[in-house]
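Report on the following structure.
The values are calculated or read from the model by the stated rules, or taken from the named source; none is laboratory data. Because the structure is a prediction, the values reported are computed rather than measured. Cβ placement follows ideal geometry from the backbone for every residue including glycine, while neighbour counts extend to all protein chains displayed.
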């Protein structure tokens with residue numbers, strides 16, 4: 001299957017398995033599952049095509065039941081379903097990527113789930129930035145998830161690695177990761193979306209005593225791979241923070 005066909009099927013699956021199953025006359029059960037054979041008949045695609053899209057979706061948005069007779073979206077629903085995930089203790093910090101235009105409302109009201117069933121949180125800064133890029137110039141909030149959990153808020157982990165919760169009050173938020181003691185002197189950062197079949201972005205940077213270079217962030221499955229040659233994790237983190245504060249997204 002070519003990339004355009006995969007993307008077309010994936011977007012349509014997101015529509016009918018997350019938001020509007022009635023579009024093609026299918027029904028989701030209480031846990032979000034629908035019958036594979038019915039879905040294939042209504043979409044008029046082959047089982048092999050469906051399996052290919054599920055397996056090769058870069059964010060693992062969909063999953064089969066163990067017997068492959070049913071399929072559902074892993075998370076992101078606006079229809080009322082119970083994904084039956086068990087509550088889990090989250091890491092100390094999770095991240096929420098969004099667009100700069102949402103900054104004021106989040107500081108005032110916290111992170112709301114909106115039309116979806118849950119607020120979505122990322123395990124790492126890089127993934128959060130990638131999520132924020134989809135909506136405009138990205139900003140990232142640190143979520144003090146373990147503190148929330150200890151205060152009685154429930155967290156769930158989807159099968160594709162997204163942390164879910166009902167609401168994040170503003171008191172558990174920090175605008176961006178705390179700046180470390182050692183600081184690199186960046187004079188330039190710019191973010192550019194990857195071209196072609198790859199999902200992710202290139203961070204171009206310039207820093208005193210280091211010259212200029214690029215860092216590639218490539219989305220693969222539920223993680224973001226970082227290609228930064230010999231640069232330290234601290235350097236990469238500070239370059240990202242400088243970009244968040246100073247740069248615009250470039251197509």
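Brief remarks on what is shown
- Complete set of residues in the range 46-67 that are assigned to a helix (DSSP H, G or I) and either touching a strand residue (DSSP E or B) at 6+ places or on another chain (Cβ under 7 Å) or touching a residue at least 40 places away in the same chain (Cβ under 8 Å) (or both): 49, 50, 52, 53, 54, 56
- Exclusive hit being modelled with pLDDT under 95, loosely packed, with under 14 Cβ neighbours inside 10 Å and not in a helix (DSSP H, G or I), set 114, 152: 114
- Here residue 122 fulfils each of the conditions (1) modelled with pLDDT of 90 or more; (2) over 17 Å from the mean Cα position of the chain (by Cα); (3) crowded, with 17+ Cβ neighbours inside 10 Å apart from (2).
- Every pair of residues 6+ apart whose Cβ atoms lie under 9 Å, when the first sits in the range 182-207 and is on the phi > 0 side of the Ramachandran plot and modelled with pLDDT under 80 while the second is loosely packed, with under 13 Cβ neighbours inside 10 Å and outside any strand (DSSP E or B): 196/3
- When residue 91 is tested against (1) farther than 23 Å from residue 9 by Cα; (2) part of a loop (DSSP other than H, G, I, E, B); (3) out of contact with any helix residue (DSSP H, G or I) (no Cβ under 7 Å at 6 or more places or on another chain), just one condition goes unmet, and that condition is (3).
- Any hit, the range 72-87, residues being surrounded by fewer than 12 Cβ atoms within 10 Å (Cβ to Cβ), within 22 Å of residue 111 (Cα to Cα), modelled with pLDDT of 95 or more and not assigned by TED's automatic domain parsing to the domain that holds residue 121: no
- Looking only at the range 16-32, and only at residues there that are within 22 Å of the chain's Cα centre (by Cα) and surrounded by 17 or more Cβ atoms within 10 Å (Cβ to Cβ), the one that is nearest to residue 120 (Cα to Cα): 18
- Considering residues of the range 1-44 that are in a loop (DSSP other than H, G, I, E, B) and touching a helix residue (DSSP H, G or I) at 6+ places or on another chain (Cβ under 8 Å) only, the residue farthest from residue 83 (Cα to Cα): 1
- Where residue 225 falls short, out of the listed (1) at pLDDT 75 or above; (2) crowded, with 16+ Cβ neighbours inside 10 Å; (3) within 19 Å of the chain's Cα centre (by Cα): (2)
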